[in-house]
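Read through the structure below, which is laid out as structure tokens, and then see the notes.
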Amino acid sequence: GNSVTQMEGPVTLSEEAFLTINCTYTATGYPSLFWYVQYPGEGLQLLLKATKADDKGSNKGFEATYRKETTSFHLEKGSVQVSDSAVYFCALISSGSARQLTFGSGTQLTVLP
Amino acid sequence: DGGITQSPKYLFRKEGQNVTLSCEQNLNHDAMYWYRQDPGQGLRLIYYSQIVNDFQKGDIAEGYSVSREKKESFPLTVTSAQKNPTAFYLCASKRDVGRETQYFGPGTRLLVL
């Protein structure tokens, strides 16, 4: 079956620090990979996605590259801001099980001024 | 604006009472989903529907029921059989059964009195 393993949190960084949140996966078929962000008390927002190997998704300064050889989709940002404080979820959907997303457990990020 | 709306934002349930959470989308999406999120946890799938008048159980369907009489609406009923209903409930939709992006509503927080 499909599974997503995320770096455990919480992660606390100072403003302007470099961020990496690790995400690895196992999947049947050919997955599309996603990062979602959840701000306190809100639903999930799509942050970025990649649909095939070597694709790079990017949005709002965040980036993640679909690495088939290492089955990874790590989230990075060069300089975090206080407003980036949120929970980040890695997720996949595969051609072998395209009906539903498989989520990681989420990583809480806190950015201090 | 196109999107997914959930109501109410907060809902209170008394012991032995059934309550219904609303989810409406105007994105013309075929597939709709209900997830449950507990504090500090990831998302767990309750029910999903790929087409009108059809739905399937997810991982934690016991104590819940759904209907899909219209394409744009997918209400979730939390029945009295659900003994621990306090959680954040998220509705989502996507265009079809392929590897499409899933979009989320703002969520409903259910509390037991």
Query raised in the report: Out of the stretch B:9-22, which residues are in a strand (DSSP E or B) and within 11 Å of another protein chain (Cβ to nearest Cβ)?
Result: B:Y10
Query raised in the report: Does B:N28 satisfy the criteria of being part of a loop (DSSP other than H, G, I, E, B) and either under 22 Å from A:L101 (Cβ atoms) or under 12 Å from the mean Cα position of the chain (by Cα) (or both)?
Result: yes
Query - Test set (1) touching a Pro at 6+ places or on another chain (Cβ under 8 Å); (2) over 18 Å from B:A87 (Cβ atoms); (3) loosely packed, with under 12 Cβ neighbours inside 10 Å - B:N28 fails condition number - result: (1)
Requested in this report: Could you tell me whether any residue of the stretch B:68-80 is exposed (fewer than 14 other Cβ atoms within 10 Å of the Cβ) and outside any loop (DSSP other than H, G, I, E, B)?
Outcome: yes
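Tell me the residue from A:Y36, A:Y30, A:Y25, A:Y88 that is at pLDDT below 95 and either within 13 Å of chain B (Cβ to nearest Cβ) or touching a Pro at 6+ places or on another chain (Cβ under 9 Å) (or both), please.
Every option except A:Y30 fails the conditions.
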Report summary line: The residue that is farthest from the other protein chains (Cβ to nearest Cβ), considering only those in the stretch B:90-104 that are in contact (Cβ under 8 Å) with a residue 40 or more places away in the chain and of a type in the set (G, A, S), is B:S93
Report task. Find the residue count for the stretch B:92-111, including only residues that are assigned to a strand (DSSP E or B) and surrounded by 15 or more Cβ atoms within 10 Å (Cβ to Cβ). Result -> 8
Report task. Could you list all residues from the stretch B:96-113 that are at pLDDT below 80 and among the basic types (K, R)? Result -> B:R99
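The values are calculated or read from the model by the stated rules, or taken from the named source; none is laboratory data. Bear in mind that the values here come from a model prediction, so they are computed numbers and not experimental data. Neighbour counts run over all protein chains shown; Cβ positions are idealised from the backbone, glycine included.
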